[in-house]
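Heads up, the thing below is written out as structure tokens.
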Amino acid sequence: MLGFKEKYSYGVGALGKDLACSIVFLYVMFYFTDIVGLDPVFVGSVMFIARFWDAINDTFMGVVIDNTRSKFGKFRPWILGGTIINAIAIVLLFSNPNLDGSARAYYYGAMYIIWGMTYTIMDIPYWSMLPTLSNNPEERNKIAVIPRIFASLAWFLMGTFGLQMVARLGNVGELTGQARVDAQMVGFSRFAMVISAVFVFCSLLTFLFAKEQVVAEDDDKKEKTTVKQALQIIKNNDQLMAFIGILLSFNLITQLSGGVSIYYFKYAVGNEDMYSLFQAYSGISEIAGLLIFPIVASKISRTKLYAIACSLPIIGLSGLVATGIMMPTNGAMVAICGIIFKLGSGLSLGASTVMLADVVDYGEYKLHTRNESIVFSIQTMLVKFASAISGWIVGVGLSMIGYVPNVDQTGATITGLRVLMGAVPAVLAILSFVLFAKFFKIKGQFHTDMLAELQHRKAS
């Protein structure tokens, strides 16, 4: 059994890690378009192109970590080192380079790509470490929830208080026009410095107190994995391929709604303060979903659980759009819709974390090799792919519907924002469940038999 200190020192690493990524995922599109003044299509295209590089970068990093041997284990040196480098990248991403025209655009494009590359260095080893903390299914379910709760807390804090902190640190006050934009830029820069400091502190706790408990018996003797072998491992693990589709489609729901919501509330609803209200209640609900996940998972089948997880975002976001049309100033309805939406997200986060750990076991079961870092590198890549695709959809979508920053929008633009906020995520939720029900088989009796076979192999 893993002790309290080990569980929570591992979990708190997700608090710093997700504070550092949520400032980018929630605000960088808005920061680039409304504060820096970059063209939405350019921003969306940079995000999309960056992820093609990540397809190579993330897999390569998984191989590097999988081949790491040190007195601190496979994962902890990369967690701490990657954190320090990524913290510097975050500060530079939200800094004013005092450049104009194309040079300014290229600076921010390059910094966004560098941020994604350096985030990989610490995120892959962090999640790859999870299967090594326990091989007991019940304990693993409980452990998996802890970092997800800390991660959801980070997103709750960032979504609820992020813009308020930017305003306070930048002394925005009652400023208007260009003076307000300049003050917001200063606020984002200072806020990024604070977040980076918290990020380093949390990862240091993980490095010092969380240690690997489960190591494959032949790990020290195992030949080093090449990039070619890593690609074969991914290709031959059919459950990993199924998981890619399941997680990507669900991540697109949260990333797309997160990217659109700040524009939706500011322009379609006409009340920017509703954004913080929505994020606050949805963030609390996501944590609640994670807390009840082990209980729900013990009572109903995984298929029923995932059906609920995919249904709730459809109900919540459809209700949010309807509320915006019929009663846009009703804060209670905005809060309720946020609660319904992110309750499903919380259940999905718990389920996907356990599913990915099971995919590692399945790889050992089918391919007779345990490659945590390679498998978990897929999760990092998918999160960033979802961010890039949603960023591209938002960027191109804003351009197509005639969006103009910091002015009143036309009726067609507002309708477009409602479609991006409600209809598109609903289609993605349906797709995610269909992929899970049809292609993911690590559940029920098969899951039980697989774990029994792995225990038999180790015993013999």
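Give me the 1.4 Å probe accessible area per residue for segment 1-141, excluding ligands and nucleic acids, in Å².
That works out to 34 Å² per residue.
Any chance you could tell me what percent of the C-alpha pair distances in segment 67-146 go past 23 Å?
The proportion of pairs with Cα distances above 23 Å equals 42 percent.
Could you tell me whether segment 17-114 comes out rounded, prolate or oblate from its Cα gyration tensor? Rule is a ≥ b ≥ c as square roots of the eigenvalues, rounded for a/c under 1.5, then prolate if a/b exceeds b/c, otherwise oblate.
Since a/c reaches 1.5 and a/b is larger than b/c, the shape of segment 17-114 is classed as prolate.
What's the magnitude of the charge dipole for the chain around its Cα centre, counting Lys and Arg as +1 and Asp and Glu as -1 at the beta-carbon? Answer in Debye, nearest 20.
700 debye
Given [x] 33, 28, 22; [y] 36, 25, 19; [z] 52, 28, 17, which label gives semi-axes √(5λ) of the Cα gyration tensor in Å as computed from the coordinates?
Of the labelled values, this structure produces [y].
Once phi is turned into ³J(HN,Hα) by the Karplus curve 6.51 cos²θ - 1.76 cosθ + 1.60 with θ = phi - 60°, what whole-Hz value does each residue of segment 427-432 show in order, with x for glycine and proline?
Along segment 427-432, the couplings run 4, 5, 5, 4, 4, 4 Hz.
With runs of 4+ DSSP H residues as the only contributors, calculate the mean residue ellipticity of the chain at 222 nm using -39,500 (n - 2.57) per run, divided by the residue total and rounded to the nearest 500.
So the helix-based figure for the chain works out to -27500 deg cm²/dmol.
Is there a pair in Lys342/Lys458; Lys211/Lys304; Lys211/Lys458; Lys211/Lys235 whose C-alpha atoms are over 28 Å apart, and which pairs would that be?
Lys342/Lys458; Lys211/Lys304; Lys211/Lys235
In the chain, carbon and sulfur make up what percent of the accessible area (probe 1.4 Å)?
For the chain, the apolar C and S fraction of the accessible surface comes to 66 percent.
To the nearest 10 square angstrom, how much accessible area does Ile284 have with a 1.4 angstrom probe?
For Ile284, the solvent-accessible surface is approximately 90 Å².
Which value, in Å² rounded to 10, gives the accessible area of Thr118 with a 1.4 Å probe and all protein chains present?
Surface open to solvent at Thr118 totals about 10 Å².
Would you mind calculating the relative contact order of segment 303-425 from Cα pairs under 8 angstrom and at least 6 residues apart, reporting the percent as a whole number?
Dividing the mean separation by the residue count of segment 303-425 yields 28 percent.
What order, most packed first, do the peptides 132-145, 96-109, 149-162, 408-421 have when packing is the mean number of other Cβ atoms within 10 Å of each residue?
Output ranking for 132-145, 96-109, 149-162, 408-421: 149-162, 132-145, 408-421, 96-109.
Could you tell me the accessible area of Val63 in Å² (1.4 Å probe, neighbours in place), rounded to the nearest ten?
Accessible area, nearest 10 Å²: 10 Å².
Over the chain, what relative contact order in percent results from Cα pairs under 8 Å that are six or more residues apart? Each step should come with its number before you reach the end.
Numbers: 705 pairs, mean separation 124.1, N = 460.
Relative contact order here is 27 percent.
Roughly how large, in nm² to one decimal, is the mean projection of the convex hull of the alpha-carbon atoms in segment 111-263?
12.5 nm²
Note the full-extension length gain between Lys304 and Asn136 as 0.36 nm times their separation in residues minus their Cα-Cα distance, in nm to one decimal.
That works out to 58.2 nm of additional length.
Provide the per residue accessible area, probe 1.4 Å, for segment 328-431, rounded to a whole number of square angstrom.
32 Å²
The values are calculated or read from the model by the stated rules, or taken from the named source; none is laboratory data. If you're wondering where the values come from, they're calculated on a predicted model, not measured in any experiment. Here Cβ is always computed from backbone atoms with ideal geometry, including for glycine, and neighbour counts include all displayed protein chains. Ligands, DNA and RNA are stripped out before the accessible areas are found, and what is left, the full protein with its side chains, is counted by its heavy atoms. Shrake-Rupley method; radii C 1.70, N 1.55, O 1.52, S 1.80 Å.
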